[in-house]
1. List, please: which pairs have Cβ atoms under 8 Å, are six or more places apart or on different chains, and start with a residue in segment 42-59 that is over 20 Å from GLU147 (Cβ atoms) and of a type in the set (A, V, I, L, M, F, W, C) and end with one that is surrounded by 11 or more Cβ atoms within 10 Å (Cβ to Cβ) and modelled with pLDDT under 90?
2. Restricting attention to segment 1-36, which residues are among the hydrophobic types (A, V, I, L, M, F, W, C), at pLDDT below 80 and within 20 Å of PHE104 (Cα to Cα)?
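The values are calculated or read from the model by the stated rules, or taken from the named source; none is laboratory data. Treat the numbers as computed from the prediction; the structure is a model and nothing was measured. Positions of Cβ are generated from backbone atoms using ideal geometry, with glycine treated the same way; all protein chains shown enter the neighbour counts.
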Amino acid sequence: MDFYKSIVDVDDEESGDFKIIAVENNIVIGKIYFVEMWDNYEVDFKDIITEDEFDELFPDMDIANINYLTVNEEYRNNGVGRKLMELGMAARNFEHNDNETKQFYLNACTFNNANCNLDDLVKFYKSLGFKEFKRHENNVHMYFVKE
């Protein structure tokens, strides 16, 4: 299986947002999209946790939001999602930052996918080292901080 990484600028050249796309036999079988978070607490977490809780979970300002991870149904449970996560988290450095990004956030949800179980999804992310910090409705907010 070949993996292709392409840098995708979303709003401006300094954003550093990017996708990694998994391709097999010229078919896209999975992709992951990383977004740099700006003004993190006010924009993304104010309605989820307190500012003190946020500061405890994310001690540094640079946070990569794993905006989405998707794997075609017929390729699931074959390591594609794990490989995409590992490649993206290992390579993630935002363009304006010379340091490796060590903090990651994601909102685990099935996003209207009837063939995906939320508990299985959370278990998958936990197997990669993510920890759950807030669960509400059909969303599980998770974080990972590299040592």
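1. Here the result reads VAL43/MET37, each pair linking segment 42-59 to a residue that is surrounded by 11 or more Cβ atoms within 10 Å (Cβ to Cβ) and modelled with pLDDT under 90.
2. To start, the set of residues in segment 1-36 that are among the hydrophobic types (A, V, I, L, M, F, W, C) comprises 1, 3, 7-8, 10, 18, 20-23, 27-29, 32, 34-35.
Next, only the ones that are at pLDDT below 80 stay: 1, 3, 7-8, 10, 18.
Hits for segment 1-36 are ILE7, VAL8, VAL10, PHE18.
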